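First the structure, in the form of structure tokens, and then the observations on it.
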Amino acid sequence: LTCVTGKSIGGISTEECAAGQKRCNKKWTKMGPKLYDVSRGCAATCPTADEYGCVKCCNTDK
């Protein structure tokens, strides 16, 4: 499985997931008004969001 780890004007960066990690995730955490910290990567299970964030998971490549 290959997951996107970052997006920018220059394109995307990806990561090959380790054995047992079969989910890609994207997590947004609110840092301030209209300001979010976004992290992406591989996971064995979908992580849970905290009270200031949101998580989206998928099990497909990129």
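The values are calculated or read from the model by the stated rules, or taken from the named source; none is laboratory data. The structure presented is a predicted model; accordingly, all values stated were derived computationally and were not measured. When we count neighbours, we look across all protein chains shown, and the Cβ atoms used for this are built from the backbone with ideal geometry, even at glycine.
The table below lists the values:
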{"quantity": "Which numbered condition residue 46 misses (of (1) without any contact (Cβ under 8 Å) to a residue 12 or more places away in the chain; (2) part of a loop (DSSP other than H, G, I, E, B); (3) surrounded by 13 or more Cβ atoms within 10 Å (Cβ to Cβ))", "calculated": "(1)"}
{"quantity": "Selection count where residues are free of Cβ contacts under 8 Å to residues at least 12 places away in the same chain and either in contact with a His (Cβ under 8 Å, 6 or more places away or on another chain) or part of a loop (DSSP other than H, G, I, E, B) (or both), scope segment 5-26", "calculated": "3"}
{"quantity": "Filtered residue count, segment 1-26, keeping only those that are of a type outside the set (Val, Ile, Thr) and over 17 Å from residue 44 (Cα atoms)", "calculated": "6"}
{"quantity": "Among the candidates 36, 52, residue that is touching a Ser or Thr at 6+ places or on another chain (Cβ under 8 Å) and either in contact (Cβ under 8 Å) with a residue 60 or more places away in the chain or loosely packed, with under 12 Cβ neighbours inside 10 Å (or both)", "calculated": "52"}
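Residue by residue, here is whether (1) out of contact with any strand residue (DSSP E or B) (no Cβ under 8 Å at 6 or more places or on another chain); (2) at pLDDT below 90; (3) aliphatic (A, V, I, L, M) holds:
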{"residue": "2", "(1), (2), (3)": "no, no, no"}
{"residue": "6", "(1), (2), (3)": "no, yes, no"}
{"residue": "19", "(1), (2), (3)": "yes, no, yes"}
{"residue": "26", "(1), (2), (3)": "no, no, no"}
{"residue": "34", "(1), (2), (3)": "yes, yes, no"}
{"residue": "44", "(1), (2), (3)": "no, no, yes"}
{"residue": "49", "(1), (2), (3)": "no, yes, yes"}
{"residue": "54", "(1), (2), (3)": "no, no, no"}
{"residue": "62", "(1), (2), (3)": "no, yes, no"}
